[in-house]
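What follows is calculated from the coordinates using simple rules that are stated; it is not laboratory data. Predicted, not measured: the structure shown is a model, and the values here were computed from it. Reconstructed Cβ throughout: ideal geometry from the backbone, glycine too, with neighbour counts over all protein chains shown.
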Amino acid sequence: MHDELTVIVPVFNEEESLPQFFTAMDSFLAQSPVPTAVLLVNDGSTDNSLSLMRKKCSVHSAYRTLSLNTNCGLSSAIKAGIDHSTTSLTGYIDADLQTDPMDFLLYFEHFPAYDMVNGIRSKRQDSFIKRISSKIANNYRRLMINDKITDTCCPLKIIKTEYARKIPFFDGMHRFLPALVQLEG
């Protein structure tokens with residue numbers, strides 16, 4: 001097993017969900033089998049998200065904030081987090097609570113055997129159109145690149161940081177992270 005984890009949390013206008021997210025993440029941090037840092041990446045939020053993030057960092061040493069000046073998009077926020085990760089493993093989760101930070105506990109047993117572990121969303125809270133669009137896109141991607149990954153965009157992943165840093169950056173990269181890691185090795 002690797003000995004440290006940084007969890008990247010891209011944040012864009014998540015003022016409403018951050019208090020509940022912090023509670024859920026704190027529960028995970030209390031049970032994590034490895035020292036864990038939480039890197040909150042502000043993606044140019046225009047609401048009170050950055051203020052809430054800074055407040056959390058001031059009272060909990062596991063949290064750090066990285067702030068992008070403008071909204072650059074999810075892939076840019078993830079890439080910025082990867083570039084600032086200082087641990088052997090880097091995780092990723094959205095702040096909207098569609099995935100539970102406690103599920104990271106299920107991932108650790110798969111390292112070091114695997115380079116990446118990707119979740120599957122079982123109870124998506126997205127609109128019907130978004131769920132169908134995602135299902136079509138995932139099926140098309142699987143058909144084109146034959147990666148057999150059910151939910152490549154699931155915002156709950158852990159990846160070896162050395163592999164994450166090798167992934168080429170492009171807009172929409174987050175949709176192909178598992179396939180890109182598979183290509184690396």
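Overview of results
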quantity: In Hz, Karplus ³J(HN,Hα) per residue of segment 67-73 (6.51, -1.76, 1.60; θ = phi - 60°; x = Gly, Pro); calculated: 10, 8, 5, 10, 6, 9, x
quantity: Long-range amide H partners of Val7 with built H, under 5 Å; calculated: Ala37, Val38, Leu39, Gly91
quantity: Förster-model FRET efficiency, 22 Å R0, Phe169 and Thr86, C-beta, rounded to 0.05; calculated: 0.70
quantity: Exposure proxy order (Cβ contacts within 10 Å, fewest to most) of Glu4, Glu109; calculated: Glu109, Glu4
quantity: Two-site label geometry, Glu16 and Ser58: point separation in nm, points 7 Å out along Cα→Cβ; calculated: 2.6
quantity: Cα gyration tensor shape of segment 1-91, rounded if a/c is under 1.5, else prolate or oblate by comparing a/b with b/c; calculated: oblate
quantity: ³J(HN,Hα) computed for each position of segment 159-167 - Karplus, 6.51 cos²θ - 1.76 cosθ + 1.60, integer Hz, glycine/proline x; calculated: 9, 5, 4, 4, 6, 4, 6, 7, 6
quantity: Karplus-derived 3J(HN,Hα), 6.51/-1.76/1.60, for each residue of segment 103-118, Hz, glycine and proline x; calculated: 5, 4, 4, 6, 7, 4, 5, 8, 10, x, 4, 10, 8, 8, 10, 10
quantity: Difference of contour (0.36 nm per residue) and Cα-Cα distance, Glu4 to Met102; calculated: 33.7 nm
